[in-house]
Every structure is written in structure tokens, then in C-alpha cells.
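A.B. asks: For reference, the structure I am asking about is given below.
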Amino acid sequence: MKDDNFLRANNAQHMWHPMGHPGDAMANAPTIITGASGSSIEDIDGHRVVDAVGGLWCVNLGYSNDVVKDAIAKQLYDLPYYSAFAGTSNPPAIEASYAVREFFEPDGMARVFFTSGGSDSVETCLRLARQYHRIKGEPGRTKFLSLKKGYHGTHFGGASVNGNNRFRIAYEPLMPGCFHLPSPYPYRNPFEETDPVKLAQNIAAAMEDEIQFQGPGSIAAFIMEPIQGAGGVIVPDATFMLLMREICDRHGILMIADEVITGFGRTGDWTGSRHWGVQPDMMSCAKGITSGYFPVGAALMSAAVAEVFEKADADGAIFHGYTYSAHPVGAAAVTACLSETQRLDTKANAGPRGAQLYAGCQALMAKYDIVGDVRGGHGLMTGVEIVSDAAAKTPMDPATMKRIQVAAYEAGAMVRVGGNNIMMSPPLVITEAEVDQVLAGLEAGLRAA
């Protein structure tokens, strides 16, 4: 490793960072994170903070799980790579597929298709949804429905169903045939409806209307996050996902649950779908599948969907996949991570610590007028919406949001800013004292606004 002077001098000079302006990164050097343990990270200057972002919604087990690290290290020596394209397999992939299928069995999932991450997993679900209908003799089912404020990755398919124009405008035209419904977002919605139950019903009615307008026989799938993450931690009413499931069933539309963030205990249940009592037809997952220690994702299929492919003629062949699908090192990480996730029962900690974080943020809302809305209360996902005018709900300007984030970091908490939202998704092993530190850091940020 080069010395600190080299790292500082070359920071952002040669590498473009995701989700940011390359010129700004050159002018304002990114924080260099050099180490981590437990639920905390440390930067190049030795400043240590609680990571309230969990890496990027992903380091569920914290940074110190040696069981997963040792599994990765051992597999690098046993078999560092081999392709899993048709004709060859590897022992870790076989074991990981069994473990994943077993973990998601209560959600109705029966098969797993390994990918390199969440965007890949969403892309796989979208592609296979179209192929599913083609096999069944309905090739006209090519369209997709999704929710505004939803996030489904950055591939062209995922960006096309994304409900945030930040990920769309600079890259249009995107994939045709993608249509968006209002988000279940009581603080801001076109119906001006603050009652979550009534809002869910309004969106269900809008979905029925859109299906009739497009033609029920033209729609392949509806994709949604059980709780919208990157859109600002938008928690729907408990009836919402069930309403969407019923509409999909009525019109022969596949339901895809994007569990990239909500899977593996973050909601206080093992999956977001299970949290709302819904079994989808397909699921996309990643992040917590390895606690972020190795880039792995998975697309999951129900038994009914799998049967259509497995009993088809040549049309059932899947000409889709990735060089790193079922990577043996990644597969070893998956098996170890799932075992540790269940051993530690991380969902059991996500509930009370999430409630603590949510209640603390609600107390800050009562104290600071710039806090317009607080969302969460379902596991370790909390969103704080910052406004410059509470009555008008005017989104706070980017410079102030950055100032809040920097002040929070200096006070001991790494939080994430998305637009005028502060989003927190700490490791699921975070302690009560560490949540208190996050809240203290956030309050320091609010004072600095």
C-alpha cells in the first residue's frame, strides 16, 4: 500500500466515483476510509465514527465477522474462479444455492440465479419476466409497472423502472414500455392524501386504471421495494403490498419484490415481503447476502415460475448471465454470511435498535423546524427529510445538506444524504450506545444547518 501522502495527492485524480460529479470530487477530496471494525469506520486522519449507512445499506454483520472473511480467504486458495455457465459448476455454488433457497423458502422462492450485485439481479428479473410470458404463449407482455421514488439499480432496465429522475434524465431515452405509479409517500403525493390507508387505495386505483389503459395483456411485471430505500425510506401502509399482489394476480402480471435493501433482516423480518405478508413471483437481492464483503446478488424464482422454464422446450433456455455468476469465492461468502446472519439472529436486533433510531429522530423533528418528516419504525431503516420552510415543505438546498452531513461526521456519525433526505441504515449488529452516538451526531448536523 502506498503511503498517506500518495493517497491524498491522488485522491479522485484518476478514478471517477459513482453517484457524484467528477469535477467536484477533484475540488473537494472524498473522505478516505482506511479501516473499520464492528459498526465503526476510521478515516486516513484517524477519525473514528459510527457508520450509520452500513457501507451502503449492506454491511449487516458489521465489519468484524471473521467467519465470512475466513470463508472467502480459504476459497481463494481452493478455487479462486471458474465459470458457472452451462456445463460446469463448483462446490461452493451448489452449497450456496441450497442455503439461499432454504432461506427464502417461506417467501415461496424455489430457484436462485446468482449475479454480481443488485443491479444485475433486477436486470435478470426483468429479462426473465419477459421470457416467462413468451414461453407461456403471451409474447405481447413486455411492459413494466413500478413506483415513483423507487430505486432498482442503474442498468438500462433498472434505470427504466427507477422512479427517481436523477438516475434517468442524463441517460434518456431509456427502455420503452415502463410506466410509473405514485409512491406510497404520505408527506408528498399527487393526491395530497396524508392517510396511508387511503393513499394505498388511491395508488391501487391508479394501477388498475393504468393496466386498463395499457391493456392487461401487454404487461409483464410490476416491481416494487417493500420499503423504498434510496427514495428516502418511504414506508407504505401495511395494506399496500397486499393490494398490489391482488391486482397482479387478477391480471396475470408477475410481481417482482426488490429485496436488495430490505432482505436479510433489515426490516425486522428476514425479508420485506415477509414483513408485509406477501409472496412475490420473483425477488432480487444482494447487499446483505454477503454483508458487502464480496460482490454477489441473486434473482429468485417461485416454484410456479421455475416450472414454466424447466418444462419448456428450447424456449426455456436462459441466454443471460454474468462472468461472475456463482463465483466460487462469492458463493463461499454467501453460505458463511447466511449462516452467521441466522446464528446472530440479526433481525431480532434490527427491531428494537430501529425503533430507538426512529424515536430519536422523531424527537429531533419536534426540536428542529427544518426536519419536515421522519420515516422508519420498521427495522433499521430511517429517513429524515430536511426542509427550509416547514409549511411549504420546501426541500433544503444541497449546500446546507452537505453542511449537515459534514457536521454529523465530525461529531461521530456517518450519515447518507440523498437530495434533501438523510438516510440511515446501520449494521444490524449496532448497539444501543452506538445508536445514541448516531443521534447525537445527527443533532450536531442539524445545529450546523
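The values are calculated or read from the model by the stated rules, or taken from the named source; none is laboratory data. Keep in mind it's a predicted model, so treat the numbers as computed, not measured. Every residue, glycine as well, gets a Cβ built from its backbone with ideal geometry; the counts of neighbours run over all protein chains shown. Ligands, DNA and RNA are stripped out before the accessible areas are found, and what is left, the full protein with its side chains, is counted by its heavy atoms. Shrake-Rupley method; radii C 1.70, N 1.55, O 1.52, S 1.80 Å.
A.B. asks: A304 - would you say it is assigned to a loop (DSSP other than H, G, I, E, B), surrounded by fewer than 20 Cβ atoms within 10 Å (Cβ to Cβ) and of a type in the set (A, V, I, L, M, F, W, C)?
C.D. replies: Taking the combined requirement at face value, the residue does not satisfy it.
A.B. asks: Okay, moving on. Listed residues L344, L357; which is closer than 18 Å to H275 by Cβ and either among the aliphatic types (A, V, I, L, M) or modelled with pLDDT under 95 (or both)?
C.D. replies: The conditions single out L357.
A.B. asks: Residue check, S284 against (1) of a type in the set (S, T, Y); (2) out of contact with any strand residue (DSSP E or B) (no Cβ under 7 Å at 6 or more places or on another chain); (3) surrounded by 24 or more Cβ atoms within 10 Å (Cβ to Cβ), all met but one. Which one?
C.D. replies: The single condition S284 does not satisfy is (2).
A.B. asks: Another one. Within region 204-244, which residues are touching a helix residue (DSSP H, G or I) at 6+ places or on another chain (Cβ under 8 Å) and surrounded by fewer than 24 Cβ atoms within 10 Å (Cβ to Cβ)?
C.D. replies: A204, M207, E208, I211, P216, D237, A238, T239, F240, L242, L243
A.B. asks: Now a separate question. For region 353-407, name all the residues that are within 28 Å of V429 (Cα to Cα), open to solvent by less than 50 Å² (accessible area, probe 1.4 Å) and of a type in the set (V, I, T).
C.D. replies: V371, V374, T382, V384, I386, I404, listed by residue number.
A.B. asks: Follow-up question, since we're still on this one. Any idea which residue in region 26-54 is most open to solvent (accessible area, probe 1.4 Å), counting only those that are of a type in the set (G, A, S) and either touching a strand residue (DSSP E or B) at 6+ places or on another chain (Cβ under 8 Å) or closer than 22 Å to M1 by Cα (or both)?
C.D. replies: A29
A.B. asks: Same structure again: Take the residues of region 307-330 that are out of contact with any helix residue (DSSP H, G or I) (no Cβ under 7 Å at 6 or more places or on another chain) and over 16 Å from S83 (Cα atoms): which is least open to solvent (accessible area, probe 1.4 Å)?
C.D. replies: Result: A317.
A.B. asks: If you don't mind, another one. Tell me, which residue of region 408-442 that is touching a helix residue (DSSP H, G or I) at 6+ places or on another chain (Cβ under 6 Å) and part of a helix (DSSP H, G or I) is surrounded by the most Cβ atoms within 10 Å (Cβ to Cβ)?
C.D. replies: L442
A.B. asks: Still on this structure, please answer the following. Name the pairs: first residue in region 57-71 and farther than 17 Å from G351 by Cα and at pLDDT 95 or above, second residue surrounded by fewer than 24 Cβ atoms within 10 Å (Cβ to Cβ) and of a type in the set (A, V, I, L, M), Cβ to Cβ under 6 Å, at least 6 apart or on different chains?
C.D. replies: Listed pairs, sorted by first residue: Y63/A36.
A.B. asks: Would you be able to say whether some residue in region 250-257 is open to solvent by less than 30 Å² (accessible area, probe 1.4 Å), outside any helix (DSSP H, G or I), touching a Gly at 6+ places or on another chain (Cβ under 8 Å) and closer than 19 Å to V53 by Cβ?
C.D. replies: Checking region 250-257: not a single residue is open to solvent by less than 30 Å² (accessible area, probe 1.4 Å), outside any helix (DSSP H, G or I), touching a Gly at 6+ places or on another chain (Cβ under 8 Å) and closer than 19 Å to V53 by Cβ.
A.B. asks: For region 141-197, which positions are among the basic types (K, R) and out of contact with any strand residue (DSSP E or B) (no Cβ under 8 Å at 6 or more places or on another chain)?
C.D. replies: The answer is R166, R168, R188.
A.B. asks: For region 70-169, please list each of the helices (runs of 4 or more DSSP H) lying entirely inside it that holds at least 2 residues being charged (D, E, K, R).
C.D. replies: The helices (runs of 4 or more DSSP H) meeting that bar are 91-104, 118-135.
A.B. asks: For region 170-221, which positions are farther than 21 Å from H251 by Cβ and either part of a helix (DSSP H, G or I) or of a type in the set (K, R) (or both)?
C.D. replies: Once the filter is applied, which keeps residues that are farther than 21 Å from H251 by Cβ and either part of a helix (DSSP H, G or I) or of a type in the set (K, R) (or both), region 170-221 yields A170, Y171, R188, P196, V197, K198, L199.
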